[in-house]
Amino acid sequence: MDEEQENQVRHYVAAGGVVVREGRVLVLRRPGRDEVRLPKGHVEASESARDAALREVVEESGYADLEIVADLGHQVVEFDYRGRHVVRDERYFLMTVTTARQVTRETKELQFIPDWVGWEETLSALTFEAEREWVRRARAALGSVDSAQRQA
């Protein structure tokens, strides 16, 4: 790849959560782009992926009391956006909400409408395959956590 091509590539790290409550998954409806997404965003230089994931879920959904249940790993996602090739290293975590308490979201985050939907509906509604993979991993991890708790 020559220098000009390299300048057209944007690399960054993002983190997010698959948040579950009572058999439902938190999705973010984004009508302005006709998308259904999982909460996630950039990992800032001063924070861990875990901290970024928690922060992003709070910022985008408003749900303030979250608990990480499992690390779902990472995957690299590549796509083209506005004339640039993007390479995003994603880290996701399985989370639960410990209360229904919500905080006021910043105006820019109001583009997202939080919604709780069943597992199968989540898999069919999500706009991007990479996010469906996170939901499949979360479902498997949740099954492992439930199995371990029953055996304890």
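If I filter the range 118-132 down to residues being buried (at least 17 other Cβ atoms within 10 Å of the Cβ) and touching a helix residue (DSSP H, G or I) at 6+ places or on another chain (Cβ under 7 Å), which single residue comes out as farthest from R30 (Cα to Cα)?
Taking the candidates together, the pick is T122.
Pick out, from the range 38-152, the helices (runs of 4 or more DSSP H) lying fully within it that include 1 or more residues that are among the basic types (K, R) and at pLDDT 95 or above.
Per the criteria, 49-61, 129-151.
Which of the residues spanning the range 21-76 are among the polar types (S, T, N, Q) and within 15 Å of F93 (Cα to Cα)?
S48, Q75 - these are the residues of the range 21-76 that are among the polar types (S, T, N, Q) and within 15 Å of F93 (Cα to Cα).
Checking D2 against (1) farther than 23 Å from L123 by Cα; (2) modelled with pLDDT of 95 or more, only one condition comes out false. Which one?
If we test D2 against (1) farther than 23 Å from L123 by Cα; (2) modelled with pLDDT of 95 or more, just (2) comes out false.
Kindly indicate whether Q8 is at negative phi, surrounded by fewer than 16 Cβ atoms within 10 Å (Cβ to Cβ), in contact with a Lys or Arg (Cβ under 9 Å, 6 or more places away or on another chain) and modelled with pLDDT of 95 or more.
Considered against the rule, which asks whether it is at negative phi, surrounded by fewer than 16 Cβ atoms within 10 Å (Cβ to Cβ), in contact with a Lys or Arg (Cβ under 9 Å, 6 or more places away or on another chain) and modelled with pLDDT of 95 or more, Q8 comes out as no.
Using the structure shown, decide if G62 is in contact (Cβ under 8 Å) with a residue 12 or more places away in the chain, of a type in the set (G, A, S) and out of contact with any strand residue (DSSP E or B) (no Cβ under 7 Å at 6 or more places or on another chain).
When the stated conditions are applied, G62 does not pass them.
I'd like the full set of residues that are of a type in the set (A, V, I, L, M) and under 17 Å from E133 (Cα atoms), limited to the range 54-85.
Residues satisfying the conditions are A70, L72, V76, V77.
Kindly provide the set of residues from the range 24-37 that are in a strand (DSSP E or B) and of a type in the set (D, E, K, R), ordered by number.
Once the filter is applied, which keeps residues that are in a strand (DSSP E or B) and of a type in the set (D, E, K, R), the range 24-37 yields R24, R29, R30, E35, R37.
Out of the range 37-53, which residues are surrounded by 21 or more Cβ atoms within 10 Å (Cβ to Cβ) and in contact with a helix residue (DSSP H, G or I) (Cβ under 8 Å, 6 or more places away or on another chain)?
L38, P39, K40, V43
Can you tell me which residue is surrounded by the most Cβ atoms within 10 Å (Cβ to Cβ) among those in the range 17-36 that are touching a Lys or Arg at 6+ places or on another chain (Cβ under 7 Å) and more than 16 Å from W119 (Cβ to Cβ)?
Result: L28.
If you go through the range 97-115, how many residues are surrounded by 16 or more Cβ atoms within 10 Å (Cβ to Cβ) and out of contact with any helix residue (DSSP H, G or I) (no Cβ under 6 Å at 6 or more places or on another chain)?
Counting residues in the range 97-115 that are surrounded by 16 or more Cβ atoms within 10 Å (Cβ to Cβ) and out of contact with any helix residue (DSSP H, G or I) (no Cβ under 6 Å at 6 or more places or on another chain) gives 3.
Among the listed residues E56, E90, identify the single one that is surrounded by 14 or more Cβ atoms within 10 Å (Cβ to Cβ) and either out of contact with any Phe, Trp or Tyr (no Cβ under 9 Å at 6 or more places or on another chain) or farther than 25 Å from W119 by Cβ (or both).
E56
The values are calculated or read from the model by the stated rules, or taken from the named source; none is laboratory data. Bear in mind the structure is a predicted one, so any value in this text is a computation, not a measurement. Don't worry about glycine lacking a Cβ; one is built from the backbone with ideal geometry, like all the others, and counts go over all protein chains shown.
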